[in-house]
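Working notes for the structure below.
The values are calculated or read from the model by the stated rules, or taken from the named source; none is laboratory data. From a predicted model like this one, the values you see are computed outputs, not experimental measurements. Don't worry about glycine lacking a Cβ; one is built from the backbone with ideal geometry, like all the others, and counts go over all protein chains shown.
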């Protein structure tokens, strides 16, 4: 359904009437260096951004948060009104977008619609297949979430607002590629994190069972609604960098936005490559608990050289990565995931858009394979479906060639140290003293 621009503001007023908390006062909204409020928004606001603002107005008004939109309208950032630092945060968001678009430009979509799709009311499926896809209950990408067969959320379910056009059930996700405005919430502390989870639990039906586990984490990344969040001032949080967290989280959101759900190693590897490419170090270690040594932020190139030093005749295998599940930390797979993504990023310099082609192919595979028949003409997503390693391998070979793993092994054996890290491979690999270390918080 198309809504004329002139109707957006009256429609927002209607939505706000559905969110009592929002009536307590207008929420500040920044866009292109200009301040406005939810009661009088900027002219020319993109409709996806308008929808995101409407959905989150109630939460912001009730908890004294403001909203700021990147220039392109792709990411809406929510922060405490008293926090400040908005310009710097948006600068990092912009860096993430520029880096992401350079590495992963859009490619033609290759998916095909099913012959029929589930109907919520039992009606006969439409005879127009391309318009009738299943209404999946998308998995929270991070932490580990409910099964795909869980009930679909109502609208996008964040607050009293309901979008003018329900998100299309594209692939395994909640909306058509590159069509939504992602939301990043920088939470002040654990209390605000709890308030956010209460909000999600009360407004997004399929997240109710997931929330209990999410309370043990300090962040999250969801596909429906397209949302990332992290606690900026978590107690006991050291060896942590907020700029890295913003960059890493935005890259994950942009990946979901453009390519839907991907194997965990790719999502994490891309986010880490952004950290390495732009900041020369890694500070985000999702689901890791324990101590993080200061040297670990830059040690992965050396770690991988050592690990693959004697593997010239035993190349990397996809099985070393494919089984890594969301919601877990895998100390062996993590550096390999980054190193392999770095290799693929370099390899595509001679294979234009090969990495985007790979992710699009993986999206298509998930869309086709992640289906369980529920009747003669209906189907649903499969509980806990994981893409088989052989499917991932076929997609990698198709995009980068049959020698992709041999070439990747050569790359891993020759990675250069990052400036400021250990100068050679003789550095100690184990520490006996906690000096210079910090406990890592389990992050979602």
> Only one of (1) within 27 Å of residue 278 (Cβ to Cβ); (2) within 26 Å of the chain's Cα centre (by Cα); (3) buried (at least 19 other Cβ atoms within 10 Å of the Cβ) is not met by residue 318, so which one is it?
Replying inline: (1)
> Which one of these does residue 185 not meet: (1) under 20 Å from residue 268 (Cβ atoms); (2) modelled with pLDDT of 95 or more?
Replying inline: (1)
> If you go through region 272-298 one residue at a time, how many are touching a strand residue (DSSP E or B) at 6+ places or on another chain (Cβ under 8 Å) and surrounded by fewer than 21 Cβ atoms within 10 Å (Cβ to Cβ)?
Replying inline: 7
>> Exactly one of these conditions fails for residue 258: (1) surrounded by fewer than 24 Cβ atoms within 10 Å (Cβ to Cβ); (2) more than 16 Å from residue 104 (Cα to Cα); (3) out of contact with any helix residue (DSSP H, G or I) (no Cβ under 6 Å at 6 or more places or on another chain). Give me its number.
In response: (2)
>> Restricting to region 63-85, name every residue that is farther than 20 Å from residue 247 by Cα and either within 21 Å of the chain's Cα centre (by Cα) or touching a residue at least 60 places away in the same chain (Cβ under 8 Å) (or both).
In response: 63, 65
